[in-house]
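I have placed the structure first, in the form of structure tokens, so that the comments after it can refer back to it.
The values are calculated or read from the model by the stated rules, or taken from the named source; none is laboratory data. Values in this document were obtained by computation on a predicted structure and should not be read as measured data. With ideal geometry, Cβ positions are generated from the backbone for all residues, glycine too; neighbour counts draw on all protein chains shown.
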């Protein structure tokens with residue numbers, strides 16, 4: 001489904017639109033229609049909770065709410081937790097709460113030592129664990145159209161090349177639980193208008209105004225003036241992302257075929273060097289990225305991670321020279337060894353992609 005520039009932002013039209021979108025992103029042969037809504041208390045997640053209620057029983061059979069208390073904003077965060085509990089009760093949903101301490105970030109692998117990254121990982125771990133424990137096959141999060149645009153802009157700024165257009169995935173699995181984002185084509189203004197039409201309140205997170213966080217700077221200092229000058233900018237970015245995602249799926253399928261035809265030997269993945277070399281130039285970077293993810297399936301649940309092309313230049317020089325032998329170190333502790341017609345990929349223990 002292509003993102004739309006407008007949604008009917010009140011009552012039944014929006015709810016009908018949501019049910020259609022939820023049906024589109026729901027995995028084929030997926031779990032039973034029981035969903036756990038991640039509720040922070042902000043307008044986006046409160047909208048998602050009310051939209052999920054509107055999908056019962058026509059689509060969803062059971063809905064619960066989960067709130068994760070990060071303990072990062074003192075009394076404000078305590079008030080968020082109380083609000084989330086009250087919201088769940090007013091909707092008639094089961095309520096589940098998780099808690100986290102900032103001290104938990106200590107001793108984590110370097111990529112997760114950043115406080116925001118550690119808190120985000122802990123939140124998803126809680127949501128997945130709660131879904132498993134209470135019988136929900138799906139977690140719903142309230143990422144919307146602007147979140148998607150902000151993510152794409154940040155990915156491009158970090159040198160992500162074409163892969164940056166993947167943005168936020170509409171669905172992924174984590175620990176056997178599906179995480180779905182059915183609001184990616186909805187603007188935040190539309191979601192707020194929906195709550196106004198219902199007469200429902202929500203919480204404001206003061207940290208969203210703190211410009212020391214990169215996403216907030218992108219939202220307020222970069223994207224806001226662009227949106228004022230070019231009102232359709234966000235819609236156009238999301239449409240391009242959707243077109244790119246369709247093409248990326250082709251490369252992902254190609255990578256899956258290459259991996260399926262390979263062999264595993266002594267913790268190495270052995271692939272046909274010739275088959276990988278036949279991938280068209282405009283898709284080889286995407287294919288290699290997906291092939292490398294096969295060495296560590298757990299990383300695929302995290303969504304797309306920016307991968308710089310520079311470390312792969314030497315890799316592709318080897319690939320384009322059929323008789324050249326040697327080794328190349330790749331990101332994430334992966335070593336590529338070229339031996340005649342074989343490419344051997346090995347991931348060092350303890351390293352992360």
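What to note about this one:
Yes/no matrix, rows are residues, columns are (1) more than 24 Å from residue 189 (Cα to Cα); (2) touching a strand residue (DSSP E or B) at 6+ places or on another chain (Cβ under 8 Å); (3) without any contact (Cβ under 8 Å) to a residue 24 or more places away in the chain:
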{"residue": "46", "(1), (2), (3)": "no, no, no"}
{"residue": "59", "(1), (2), (3)": "yes, no, no"}
{"residue": "62", "(1), (2), (3)": "yes, yes, no"}
{"residue": "69", "(1), (2), (3)": "yes, yes, no"}
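- Test result for residue 210, out of contact with any strand residue (DSSP E or B) (no Cβ under 9 Å at 6 or more places or on another chain), exposed (fewer than 14 other Cβ atoms within 10 Å of the Cβ) and within 23 Å of residue 120 (Cα to Cα): yes
- Only one entry in 218, 237, 200 is at pLDDT 95 or above and either farther than 30 Å from residue 272 by Cβ or assigned by TED's automatic domain parsing to the domain that holds residue 158 (or both), namely 200.
- Residue in the stretch 251-259 that is surrounded by fewer than 19 Cβ atoms within 10 Å (Cβ to Cβ), in the same structural domain as residue 51 (by TED's automatic domain parsing) and within 20 Å of the chain's Cα centre (by Cα) present: no
- Taken as a whole, the condition of being modelled with pLDDT of 90 or more and in contact with a helix residue (DSSP H, G or I) (Cβ under 7 Å, 6 or more places away or on another chain) applies to residue 336.
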